[in-house]
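Visitor: Dropping the structure in here first, questions after.
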Amino acid sequence: VTVRDALNQALDEELERDERVFLLGEEVAQYDGAYKISRGLWKKYGDNRIIDTPISEMGFTGIAVGAAMAGLRPICEFMTFNFSMQAIDQVINSASKTLYMSAGMVPVPIVFRGPNGASAGVGAQHSQCFAAWYGHCPGLKVVSPWSSEDAKGLLKASVRDDNPVVMLENELMYGVPFELSEEAQSKDFLVPIGKAKIERPGTHVTLVSHSRSVGHCLEAAAVLAKEGVECEVVNLRTIRPMDVESIEASVVKTNHLVTVEGGWPQFGVGAEICARIMEGPAFNYLDAPAVRLTGADVPMPYAKILEENCLPQVKDIIFAVKKTLNI
């Protein structure tokens, strides 16, 4: 099952389960979604629940947040998260702070979803990762799926959550097929927000990443295993609240830490993980400094070769692991 189909299933099941749920965004209805995530839903649920919006993020995000305050459960799709900057006031000031400012009286059950981070050849303005941006803000929950199981379970959990959730998908993952277990195909399948998943157990080094980078880490781990190095790959799944306990438990076991992400280095997800490990009990178990592998500290270039060199590739992960293990 591709990630695209998993997201489509999740939307369909949640729209069917709760009539307060509706989807709005650019091209989501008649065109079946810019990336075909909402394929078939407009025909099934009609104009009231699958709503095509004008190209005005500030406008339709405001509509969605207001609807959530009034008791509906909107899913607000951004064609890419880069465009969420047009509406960031609604996401942060209107959605994330309202429950606190109303002393718990006004929940805002809303999901903001869409592709995040670098795609291929779309230039600096459409390649940014927002995990660190939104992960910075109290009041939001931020999830970042990698596999089809992640995508389906996290989207369903996000829709049912009473807090505003930012769901950062990846455009390059939409067409990637994954095995979906029997359990994951059930209508009650949820992935709990705030829990990481060990994608591959290992004993020598902990690789922590989210979204598309998880796949790179697993590829690197497969190569390193042939050389006798066993990597433990941790798929964060949730950026906020971050599952520090799982990372700590892994570091205590492996004594080495490498974080991998596509976003920028400064104040990034990897930076936060390193700080939390340093402040916590796992720090005394580290046998070498933690290593961050991130996107390059530049606006994303357009040229293909430069773009590849700006993002962590499998060879970079292998190099970082060997460096931290001193081999």
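The values are calculated or read from the model by the stated rules, or taken from the named source; none is laboratory data. From a predicted model like this one, the values you see are computed outputs, not experimental measurements. Here the Cβ positions follow ideal geometry from the backbone for every residue, glycine too, while neighbour counts run over all protein chains shown. Accessible surface is based on the protein model in full, side chains and every heavy atom, while ligands, DNA and RNA are left aside. Shrake-Rupley method; radii C 1.70, N 1.55, O 1.52, S 1.80 Å.
Visitor: Of 31, 100, which residue is surrounded by fewer than 21 Cβ atoms within 10 Å (Cβ to Cβ) and under 20 Å from residue 175 (Cβ atoms)?
Guide: Result: 31 is the single residue among 31, 100 that is surrounded by fewer than 21 Cβ atoms within 10 Å (Cβ to Cβ) and under 20 Å from residue 175 (Cβ atoms).
Visitor: Within region 60-91, work out how many residues are over 25 Å from residue 39 (Cβ atoms) and open to solvent by 30 Å² or more (accessible area, probe 1.4 Å).
Guide: 9
Visitor: Does region 268-281 contain at least one residue that is free of Cβ contacts under 8 Å to residues at least 40 places away in the same chain, open to solvent by less than 30 Å² (accessible area, probe 1.4 Å), out of contact with any Lys or Arg (no Cβ under 9 Å at 6 or more places or on another chain) and not β-branched (Val, Ile, Thr)?
Guide: So far as region 268-281 goes, yes, one or more of its residues are free of Cβ contacts under 8 Å to residues at least 40 places away in the same chain, open to solvent by less than 30 Å² (accessible area, probe 1.4 Å), out of contact with any Lys or Arg (no Cβ under 9 Å at 6 or more places or on another chain) and not β-branched (Val, Ile, Thr).
Visitor: Report every pair of residues separated by at least 6 positions or lying on different chains whose Cβ atoms are under 7 Å apart, first residue within region 154-168 and β-branched (Val, Ile, Thr), second part of a helix (DSSP H, G or I) and surrounded by fewer than 24 Cβ atoms within 10 Å (Cβ to Cβ).
Guide: 159/14
Visitor: Can I ask one more? As an exercise: evaluate residue 289 against (1) closer than 16 Å to residue 206 by Cβ; (2) open to solvent by less than 100 Å² (accessible area, probe 1.4 Å) and give the number of the one condition it does not meet.
Guide: (2)
Visitor: Residue 122 - would you say it is touching a strand residue (DSSP E or B) at 6+ places or on another chain (Cβ under 8 Å) and farther than 22 Å from residue 23 by Cβ?
Guide: No: the conditions fail for residue 122.
Visitor: Go over the candidates 121, 114, 139 one by one and state the one that is touching a helix residue (DSSP H, G or I) at 6+ places or on another chain (Cβ under 7 Å), on the phi > 0 side of the Ramachandran plot and buried (at least 24 other Cβ atoms within 10 Å of the Cβ).
Guide: Being touching a helix residue (DSSP H, G or I) at 6+ places or on another chain (Cβ under 7 Å), on the phi > 0 side of the Ramachandran plot and buried (at least 24 other Cβ atoms within 10 Å of the Cβ) holds for just one of 121, 114, 139, which is 114.
Residues are listed down the side, and each one gets a yes or a no for (1) buried (at least 22 other Cβ atoms within 10 Å of the Cβ); (2) in contact with a Cys (Cβ under 9 Å, 6 or more places away or on another chain); (3) of a type in the set (A, V, I, L, M, F, W, C):
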{"position": "152", "(1), (2), (3)": "yes, no, no"}
{"position": "160", "(1), (2), (3)": "no, no, no"}
{"position": "164", "(1), (2), (3)": "yes, no, no"}
{"position": "172", "(1), (2), (3)": "no, no, yes"}
{"position": "179", "(1), (2), (3)": "no, no, no"}
{"position": "184", "(1), (2), (3)": "no, no, yes"}
{"position": "188", "(1), (2), (3)": "no, no, no"}
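Visitor: What residue, of 24, 11, is touching a Ser or Thr at 6+ places or on another chain (Cβ under 8 Å), outside any helix (DSSP H, G or I) and either more than 19 Å from residue 139 (Cα to Cα) or of a type in the set (S, T, N, Q) (or both)?
Guide: Of 24, 11, the one residue that is touching a Ser or Thr at 6+ places or on another chain (Cβ under 8 Å), outside any helix (DSSP H, G or I) and either more than 19 Å from residue 139 (Cα to Cα) or of a type in the set (S, T, N, Q) (or both) is 24.
Visitor: Return yes when residue 47 is assigned to a helix (DSSP H, G or I) and modelled with pLDDT of 95 or more and no when it is not.
Guide: No; evaluated as a whole, the condition is false for this residue.
Visitor: Can you confirm whether region 295-303 contains a residue that is within 17 Å of residue 208 (Cα to Cα) and either touching a residue at least 24 places away in the same chain (Cβ under 8 Å) or of a type in the set (Gly, Ala, Ser) (or both)?
Guide: The answer is yes, given that some residue of region 295-303 is within 17 Å of residue 208 (Cα to Cα) and either touching a residue at least 24 places away in the same chain (Cβ under 8 Å) or of a type in the set (Gly, Ala, Ser) (or both).
Visitor: Cβ-Cβ below 6 Å, separation at least six or inter-chain, first residue in region 49-64 and within 14 Å of residue 86 (Cα to Cα), second part of a helix (DSSP H, G or I): which pairs?
Guide: Listed by first residue and then by second, the contacts come to 57/83; 57/86; 57/87; 58/86; 58/87; 61/87; 61/90; 62/90.
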